[in-house]
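Structure first, commentary second.
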Amino acid sequence: MQRSRSLFSSDTAILRLALLLHATILVAGSAQADAPLEGTTPAQWRLLWKSDPATSATLCWSTAAQGKVHAVKFSERGRPDTEGTRVAVSGRYTGGQLELYYHHAHLTDLKPETAYDVQMISDDEVSPILYFVTAPAGDREFSILHGGDSRSDRATRRKMNERIARLFEASHQNDTPNDDILAFAHGGDYIASGPNLAEWSEWMSDHELTTTSAGRLLPTIPARGNHDHGRPFHEVFDCRLLPTIPARGNHDHGRPFHEVFD
């Protein structure tokens, strides 16, 4: 994995759900990765930055069963009065016989450089309370982790994800802002065969290991590699389906412009 530094600036069934959210008791559980894919237990969580990371994020997770109600509770850390909910967009993954369902909750109108607690809810099952921090709105130095080609040697991939979590956590344990890791920019080629959902499922479970021991989610900025053809890529990363596979991926987060050539 290669660490790069940059400068960033941003110019920029309802009743059932209500009853379910009201009845849900937010109990802070372990943030241990490898959540089991059982029933509607939220698993394979990942946080995506795809537009303005100072004010928005997409929280994604998977369940083994379809379920009926999927949503996210979120609030500013230490501010229960700011609690809100977002209903997830859900569907079944394609790419084989594996039965697996995706859920994408779009969080918007967030405050820059602010910590948010989040908890995924699928029917009567809940995830541990995790958290993430939005990007700063103004110019300041920071660090970004960049890597890719995670398609082979799963054991090594898992070890690398654990190392990423340690690097991410350690970078915020000092008073030096320029080494603060804000996100992980993945350059693509996540798995060997893009249409193979079983491979994607393993990758998503392994990606949980980038969560820190304190439950902090590492935002991922996804790009598409030549191995990532097929519909599952769009379902994993909540992307609109394009008629053709682009030769490169790019993300405009204000300034600078992040572009990946594959």
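Descriptive notes on the structure:
- Candidate set: the stretch 203-229, residues that are out of contact with any Phe, Trp or Tyr (no Cβ under 9 Å at 6 or more places or on another chain) and within 20 Å of GLY91 (Cβ to Cβ); chosen: the one surrounded by the most Cβ atoms within 10 Å (Cβ to Cβ): SER205
- Within the stretch 67-98, being out of contact with any strand residue (DSSP E or B) (no Cβ under 7 Å at 6 or more places or on another chain) and more than 22 Å from ARG216 (Cβ to Cβ) holds for LYS68, VAL69, ASP81, THR94, GLY95, GLY96, GLN97, LEU98.
- Failed item in (1) under 20 Å from PHE132 (Cα atoms); (2) in contact with a strand residue (DSSP E or B) (Cβ under 7 Å, 6 or more places away or on another chain), with ASP109 passing the rest: (2)
- Of the criteria (1) surrounded by fewer than 17 Cβ atoms within 10 Å (Cβ to Cβ); (2) in contact with a Phe, Trp or Tyr (Cβ under 7 Å, 6 or more places away or on another chain), which one ILE164 fails: (1)
- Qualifying residue in the stretch 163-175 (condition: in contact with a His (Cβ under 9 Å, 6 or more places away or on another chain) and assigned to a loop (DSSP other than H, G, I, E, B)): no
- Members of the stretch 185-238 found to be within 11 Å of the chain's Cα centre (by Cα) and more than 22 Å from LEU167 (Cβ to Cβ), listed by number: VAL236, PHE237, ASP238
- Single match in GLY96, GLY67, GLY78 (criterion: surrounded by 15 or more Cβ atoms within 10 Å (Cβ to Cβ) and at pLDDT below 95): GLY96
- Summed over the stretch 101-124, residues that are closer than 15 Å to GLY39 by Cα and either hydroxyl-bearing (Ser, Thr, Tyr) or more than 17 Å from the chain's Cα centre (by Cα) (or both) total 5.
- Residue check for ASP117: acidic (Asp, Glu) and in a loop (DSSP other than H, G, I, E, B): no
- The criterion of at least 3 residues that are of a type outside the set (D, E, K, R) and over 22 Å from HIS207 (Cα atoms) is met, among strands (runs of 3 or more DSSP E) falling completely within the stretch 28-111, by 84-87.
- The residue of the stretch 140-183 that is farthest from TRP200 (Cα to Cα), among those that are at pLDDT 90 or above and in contact with a Gly (Cβ under 9 Å, 6 or more places away or on another chain), is ILE164.
The values are calculated or read from the model by the stated rules, or taken from the named source; none is laboratory data. Predicted, not measured: the structure shown is a model, and the values here were computed from it. Counting neighbours? That spans all protein chains shown, and the Cβs are built from the backbone with ideal geometry, glycine included.
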